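The structure appears below as structure tokens.
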Amino acid sequence: MKKWMAIVVGLIVVLGVIGTNTYLLLEEQMVELEDLDIVMAEEVDMYESITASGIVEPRSDQRVYEEPQHGEVEEIEVDEGETVEEGDLLVSYEEDEDMERQMISTENRIDRLHLEAEQQNEQILNAETRIANAENNQESDEVIEQHEQERDDLLFQQQLTEQEIQEEEEELAYYQAQHDDAYQVHSNVSGIVHERNEPAEAFEGESLLHIVSDEDWDINGIVSEYDLVHLQEDHEVTVEANVLNDREWSGTIVELGTTPADEEDPLETEEENVASYPFTVQLEEDAPELEYGFHVNVFIDVETATDATVIPAEVIETETSAEEEADIKYVYLIEDGIIVKQGVETGISNEQGVQILAGIEDGDRIVSQNEEDPVMSGMEVDQDDSTQ
């Protein structure tokens with residue numbers, strides 16, 4: 001009898017301990033809402049940033065080449081690094097004596113024709129005087145008609161002379177234009193002499209001068225065929241120079257190439273079986289810090305998902321499934337006051353967060369894990385009605 005009493009007492013003690021531990025365990029499963037770090041799933045338009053390489057180049061420039069058909073270069077009038085204005089003289093060629101003689105001969109013919117025209121004008125005035133005198137003296141109609149015929153012949157000759165003068169002046173203007181264009185080269189742009197080569201030192205096909213505009217810059221670069229399909233002209237971009245990390249400029253794509261970039265292009269990618277296409281960005285602001293030839297990165301935001309459900313990447317947990325031999329992603333979701341472990345399917349990700357394709361919806365509350373005090377699935381959240 002005593003033996004059975006001891007057993008019963010022992011069972012009561014054990015059950016009491018179990019009951020106490022169960023009460024304590026249930027108490028640990030309760031968590032205050034205010035102690036949780038909670039983020040909300042929200043719908044946003046997601047953007048993906050494409051990064052392309054580019055080079056700073058002048059919006060306008062001018063190359064001057066030697067033209068042997070016009071004779072020998074007499075002098076290159078500017079030096080490398082010099083600032084020039086539109087219209088400034090750049091290169092002078094030696095004078096062509098034959099053309100000079102042609103111009104002088106033409107000028108002499110024009111002077112002679114002007115003298116002839118003056119003489120013809122005097123003769124016409126004299127004929128008009130004879131006609132008037134004949135009419136006043138009531139001479140015969142035959143005499144008056146003879147004087148009028150002389151006058152008309154002189155007027156016709158004067159017209160021919162004036163026509164010759166016009167033709168000779170046009171020829172002289174042509175010679176003068178040829179002389180100026182062929183033997184004096186002027187700048188078409190305002191800028192800086194980026195390169196200067198003496199005629200004897202220039203390689204075949206190499207320019208004597210390269211003038212680049214120092215006012216407006218363009219960015220010329222390339223993108224892969226995978227990025228090209230997301231771009232369009234008038235797309236806004238951000239430009240950062242590799243050597244100026246603390247500055248950025250806004251710009252717009254003004255041209256997208258439809259022909260793959262030259263294989264010898266310095267920006268050509270080394271990736272095989274992927275075509276690259278050129279593009280041009282026009283900066284929307286002055287960029288005095290940039291220099292011709294600077295390498296830059298062009299950042300282009302393209303919309304990839306509309307009204308996407310997005311959450312921060314740090315609230316997503318990952319575990320490996322032995323059965324499926326794959327990583328399973330999940331979050332801790334507050335549902336009806338209980339923390340549940342909810343599997344999710346993710347899409348694209350960027351600095352905005354991670355797109356959720358399935359598992360949670362806009363407005364769902366997600367618990368961000370605290371390593372010092374982690375939550376578990378099944379925990380009850382103590383919250384008041386106003387919070388709910």
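The values are calculated or read from the model by the stated rules, or taken from the named source; none is laboratory data. All figures in this text were calculated on a predicted structure; none of them were measured in a lab. Quick reminder, even Gly has a Cβ in these numbers, built from the backbone with ideal geometry, and neighbours come from all protein chains shown.
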### Query
Under the condition of being modelled with pLDDT under 80 and in a strand (DSSP E or B), which residue from region 303-328 is farthest from Glu345 (Cα to Cα)?
Glu303
### Message
Within region 190-233, take every residue that is within 17 Å of Thr252 (Cβ to Cβ) and among the polar types (S, T, N, Q) and give me the one that is surrounded by the most Cβ atoms within 10 Å (Cβ to Cβ).
### Response
Asn220
### Filter pass, Val243 being among the β-branched types (Val, Ile, Thr), modelled with pLDDT of 85 or more and out of contact with any Gly (no Cβ under 9 Å at 6 or more places or on another chain)
yes
### Task
State yes or no: is Tyr183 within 15 Å of Thr106 (Cα to Cα) and among the hydroxyl-bearing types (Ser, Thr, Tyr)?
no
#### Entry: Residue among Ile366, Ile348, Ile338 that is in contact with a Ser or Thr (Cβ under 7 Å, 6 or more places away or on another chain) and touching a residue at least 12 places away in the same chain (Cβ under 8 Å)
Ile348
## Note on the structure
Asp153 passes all but one of the listed conditions (1) touching a residue at least 24 places away in the same chain (Cβ under 8 Å); (2) surrounded by 13 or more Cβ atoms within 10 Å (Cβ to Cβ); (3) not β-branched (Val, Ile, Thr); the exception is number (1)
### Task
Would you confirm whether any residue within region 339-350 is of a type outside the set (S, T, N, Q) and at pLDDT below 85?
yes
## Note on the structure
Over region 106-146, the set of residues of a type in the set (Val, Ile, Thr), farther than 15 Å from Leu160 by Cβ and free of Cβ contacts under 8 Å to residues at least 60 places away in the same chain is Thr129, Ile131, Val143, Ile144
### Task
Answer yes if at least one residue in region 351-360 is at pLDDT 80 or above, outside any strand (DSSP E or B) and among the charged types (D, E, K, R), and no otherwise.
no
### Task
With the checklist (1) of a type in the set (Gly, Ala, Ser); (2) surrounded by 15 or more Cβ atoms within 10 Å (Cβ to Cβ); (3) at pLDDT below 90 in hand, flag the one item Ser187 doesn't pass.
(3)
### Task
Quickly run through region 299-317 and pick out the residues that are of a type in the set (A, V, I, L, M) and either under 30 Å from Asn242 (Cα atoms) or in contact with a His (Cβ under 8 Å, 6 or more places away or on another chain) (or both).
Ile300, Val302, Ala313
### Count - residues of region 62-74 that are surrounded by fewer than 16 Cβ atoms within 10 Å (Cβ to Cβ), at pLDDT 90 or above and either in contact with a Lys or Arg (Cβ under 8 Å, 6 or more places away or on another chain) or in a strand (DSSP E or B) (or both)
1
